[in-house]
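This report concerns only the one structure given below.
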Amino acid sequence: MLVFTDDLYQSKDQTEILLKALSCADILLIVAVTDQESVKWIETESKNVPNIVCFDSSPNLVNKLGGSYVQNETSGTLFAKAFGISPSKKASDSMDVVQTVSDAWKRHNSDDIRFCLLIIINAYIRPVPILKNLRSKGFSTLNCMVKNCGPQILNCLLDPDCRKALQCLNKCSPVDQVCNYRCIASYESPNLEAFSLCVLQKNNCLELDAKIPEKPFVPPMARFRGEDLSHETAEDLFVGWLGSLDWSWRVIAGQNPAYDQFPCQYQLFYRGKAKGSFWYEPVFQVKTLEGKVVWRRRKYRVKRGKIPGTFYFSVLDNGVVSNECWTIVDVSDDFSWGLFHYNGAARVAGQAYTGAVLVSPDGAYPDEKESKRLASALEKCGIKEWELFTVDNCSCQDPPLGLPEGSSLHSAIDVKDQKWTST
């Protein structure tokens, strides 16, 4: 990717460089260009670029796909072509990416923007391997469902919540994790879990196989309070304030909009009754699509990685297993904040994802004096601070916390005398 500012036409040398780039460019991405001189220059010099996508720019700059200008077309046909579905000739000729890319742009998340670009590449330039899970499987999916999961399908269709969940999911783009997970969290029920467990987890009727992303690789913090990080200390950093407070940490902000859309996120890390067992239970609030406010809770099994500060998480979430690799990126010496990063995948749902959570004891942002250290920690994750989604911690009454009987907390760190002042 080559990046230029829109005043470069005033420089002969820079203009020549851009003209050379435009002569062989596959995609031209235009962001916030409104100066009329710049607009005229782009209109004149970009005529041979086959794909043009515009954000927050002059209306005179029009999107272009596969060599054809696109404006006010039918939504969804771009995805149809990208996923290998054969739409009608009329739909094929009227591919609207305007709504798709604008929705992603409004989220201000680089992952969403990147995905839209990959969709265009996949449809008009060359196949993108990571998009193979998004192609339609047609009748093989239906046959698998009917053959193996008849009772679960019937029970789901007869259950109003489960039926609403399927209707909601059907309206989401298969790649829109924000939309999909909000549907699941809004309408979760035993019948939805049984449906997903049969159709996806046990029989993989969608024939999907997402893998945990290998990048970014984020190294864990190596030392804490002047000593090399051990497995026991790393677990204690997760356990955090639990014991002094009713929770380990509260989430301030995160980098994955699919999960960080939910308010009032409490983290519970604890050692289990069985020797060597360790568990993570997030408790979070959901404002459902019907306007209700409900609490949800998940339970992850946690195992140590080879390097202290790295962990493997697994959870059965509404019938689908997700596996994640977590890293403790940094925790301040006084436990006033921490940063955790994860790469994960729900294999049979075809969903791979990355994210990070910034945490503190009360969900408030770290003190300004910590800004350099926080920026450094985020840099290790390849994250800019503006990419974080702030969690709404305003109305968090009566979260369903508490631990299973026989649980234990810290092993190497004593936090009973730890001082912390809420601001």
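The values are calculated or read from the model by the stated rules, or taken from the named source; none is laboratory data. Since the structure is predicted, the reported quantities are computational estimates derived from the model, not experimental observations. Cβ atoms come from the backbone with ideal geometry, glycine included; neighbour counts cover every protein chain shown.
A few points about this structure:
This table checks each residue for (1) hydrophobic (A, V, I, L, M, F, W, C); (2) at pLDDT below 85; (3) not assigned by TED's automatic domain parsing to the domain that holds G66.
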| position | (1), (2), (3) |
| --- | --- |
| L117 | yes, yes, no |
| C156 | yes, no, yes |
| P160 | no, no, yes |
| K164 | no, no, yes |
| Q167 | no, no, yes |
| N170 | no, yes, yes |
| P174 | no, yes, yes |
| A194 | yes, no, yes |
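- Strands (runs of 3 or more DSSP E) lying entirely in region 1-80 (those with 2 or more residues that are at pLDDT 85 or above and surrounded by fewer than 18 Cβ atoms within 10 Å (Cβ to Cβ)): 27-31
- Residue satisfying condition, being in the same structural domain as K380 (by TED's automatic domain parsing), over 22 Å from the mean Cα position of the chain (by Cα), part of a strand (DSSP E or B) and not charged (D, E, K, R), within set Y312, Y270: Y270
- Exclusive hit being among the β-branched types (V, I, T) and surrounded by fewer than 17 Cβ atoms within 10 Å (Cβ to Cβ), set T390, T354: T390
- Condition check for K299: without any contact (Cβ under 8 Å) to a residue 60 or more places away in the chain, assigned by TED's automatic domain parsing to the domain that holds I383 and more than 22 Å from D362 (Cβ to Cβ): yes
- Among the residues making up region 243-262, those that are in a loop (DSSP other than H, G, I, E, B) and either farther than 18 Å from R296 by Cα or in contact with a Gly (Cβ under 6 Å, 6 or more places away or on another chain) (or both) are G243, S244, S248, Q255, N256.
- Residues that are over 21 Å from P399 (Cα atoms) and at pLDDT below 95 within region 228-257 comprise Q255, N256, P257, listed in sequence order.
- Positions within region 242-278 being surrounded by fewer than 18 Cβ atoms within 10 Å (Cβ to Cβ) and free of Cβ contacts under 8 Å to residues at least 60 places away in the same chain, in sequence order: A274, K275, G276, S277
- Of everything in region 303-336 that is of a type in the set (V, I, T) and touching a residue at least 60 places away in the same chain (Cβ under 8 Å), the residue that is surrounded by the fewest Cβ atoms within 10 Å (Cβ to Cβ) is I307.
- Taken as a whole, the structure places G363 among residues that are touching a Cys at 6+ places or on another chain (Cβ under 9 Å) and over 23 Å from A222 (Cα atoms).
- When the test is whether a residue is modelled with pLDDT of 70 or more and in a helix (DSSP H, G or I), I130 does not pass it.
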